[in-house]
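Working notes, structure below.
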Amino acid sequence: MSKSLRIAIVSPFPPPYGGMAIQAEKLLTLLTKSGVQVIPVRTNVDFPRNIAFVLKIKGVRTLVNTFLFLNSLHKALPRVDTVYFLTGFFNFFFWITYPALLLIRMHRKKVILSAHGGAAGIFFQKYGFLIWPILKTVKTFTTPSGFLRDAFWEAFKVETKIIPNITDLDRFQFRERRHVRPRLLVTRSLEKIYNVQCVINAFKLVHARFPDSILGIAGDGSERRYLEKLVSCLNLSSCVRFYGSVDHATIHDLYDHYDILVNASHRDNQPLAIIEAFASGLPVVSTGSGGIPYMLEDGITGLLVKVGDCEALAKKVIEIVENPQLSLSLARNARAKSHEYSWQHVKNLLLPLFAS
């Protein structure tokens, strides 16, 4: 079946290594290995050198990117039968997804829209009346979580198919930590939505309890300078390390170096960082934002706290360090849960969808 499939994957592709980009790269590699003919179409276009100056002009840069992307899509569409479109919301939807869906409709190609991001409900409330006419042209919707499935149903009474995000379980080797050390890791972009500031404030409390504790921060973004200054003001510079952007091909080494994953995002859907921690044996402490409670069961596969509650975040971390049986139970249950995100499982859901 797979050898007869001709698919275009429309998505951001690395670099940078965002959630959708990582998923698109994995899909491209794994579908190709499965015999599917795949054409990648980048939404984050590589600008030709002769117009590279446009990158410095914010509004013009977006217009030129959209034009170049639509041109690439126009060339790819005659060569495929189905378009698998990974989309976000807000600006991404209006500048990329909306015009692309019009173009796909003109070519009369089947499109499967894969929605990603934790702000779907807010977006649908504000702009649902504008986007529904173009969404009606989509054959099938997929989401990586029950959270987004529910958002689509509440807004449009549209049924979606859940296609989980893919994690390379072979790359992320599970290691049981019978003695969990206070070595905390956060692997998110350094943007306000992911609230790494809360993780740092929680770590201050953890460090007061465990003076040998350390915090690793993997990721980059507009908040980096502010967060570095915060660490300095809290006198934590000697025990907090900023790694910057980490190549996804080597990030498994970072998980192996730490013992607890901490996440404090304000809005989220299905963070790849949590899935990777599940696969690597790190117990997870997270805020229960967006789709996270759909993937992480409190007390079973991880521990949840209210959004913005830094003290609760710290208390749960301390509880994991001081209760080895709890940390082992969480890690083992999470490892079993991680198999839902294996390629073998996702492939069995995705290929019939392409062929239908």
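List of remarks:
- Positions within segment 134-175 being part of a loop (DSSP other than H, G, I, E, B), in contact with a helix residue (DSSP H, G or I) (Cβ under 8 Å, 6 or more places away or on another chain) and surrounded by fewer than 17 Cβ atoms within 10 Å (Cβ to Cβ), in sequence order: Thr137, Val158, Glu159, Arg171, Gln173, Phe174, Arg175
- Between Arg178, Arg224, the distinction of being touching a residue at least 60 places away in the same chain (Cβ under 8 Å) and either assigned by TED's automatic domain parsing to the domain that holds Cys310 or closer than 30 Å to Gln344 by Cα (or both) belongs to Arg178 only.
- Test: residue in segment 283-290 that is at pLDDT below 95 and of a type outside the set (A, V, I, L, M, F, W, C): yes
- Tallying residues that are closer than 30 Å to Ala151 by Cα and modelled with pLDDT of 95 or more within segment 231-265 yields 5.
- Residue match in segment 250-271 (condition: more than 15 Å from Pro182 (Cα to Cα), hydrophobic (A, V, I, L, M, F, W, C) and without any contact (Cβ under 8 Å) to a residue 60 or more places away in the chain): no
- Of all residues in segment 299-338 being assigned to a loop (DSSP other than H, G, I, E, B) and touching a helix residue (DSSP H, G or I) at 6+ places or on another chain (Cβ under 6 Å), the one that is surrounded by the fewest Cβ atoms within 10 Å (Cβ to Cβ): Ile300
- Qualifying residues in segment 243-274 (those that are in contact with a Pro (Cβ under 8 Å, 6 or more places away or on another chain) and more than 23 Å from Val321 (Cβ to Cβ)) - the one surrounded by the fewest Cβ atoms within 10 Å (Cβ to Cβ): Ser245
- The listed residue being more than 23 Å from the chain's Cα centre (by Cα), on the phi > 0 side of the Ramachandran plot and outside any helix (DSSP H, G or I), out of Arg178, Arg108: Arg108
- Test: Val321 is of a type in the set (Val, Ile, Thr), in contact with a Phe, Trp or Tyr (Cβ under 8 Å, 6 or more places away or on another chain), farther than 24 Å from Gln23 by Cβ and in the same structural domain as Tyr255 (by TED's automatic domain parsing): yes
- Output for segment 77-105, where each listed residue is surrounded by fewer than 16 Cβ atoms within 10 Å (Cβ to Cβ) and assigned to a loop (DSSP other than H, G, I, E, B): Asp81, Phe90
- Selection from segment 285-298 of residues that are part of a strand (DSSP E or B) and under 18 Å from the mean Cα position of the chain (by Cα): Val285, Ser286, Thr287
- Selected residue [assigned by TED's automatic domain parsing to the domain that holds Glu159, within 26 Å of Ile163 (Cα to Cα) and not polar (S, T, N, Q)] from Phe67, Phe53, Phe47, Phe93: Phe93
- Residue-level check: of (1) in a helix (DSSP H, G or I); (2) farther than 29 Å from Pro293 by Cβ; (3) free of Cβ contacts under 8 Å to residues at least 40 places away in the same chain, Gln125 misses just (2).
- For segment 60-78, residues that are touching a strand residue (DSSP E or B) at 6+ places or on another chain (Cβ under 8 Å) and at pLDDT below 95 total 0.
- Of the residues making up segment 1-49, those that are hydroxyl-bearing (Ser, Thr, Tyr) and in a loop (DSSP other than H, G, I, E, B) are Tyr17, Ser34, Thr43.
The values are calculated or read from the model by the stated rules, or taken from the named source; none is laboratory data. Keep in mind that this is a model prediction, so the values were computed, not measured. All Cβ positions, glycine included, derive from the backbone under ideal geometry; neighbour counts span all protein chains shown.
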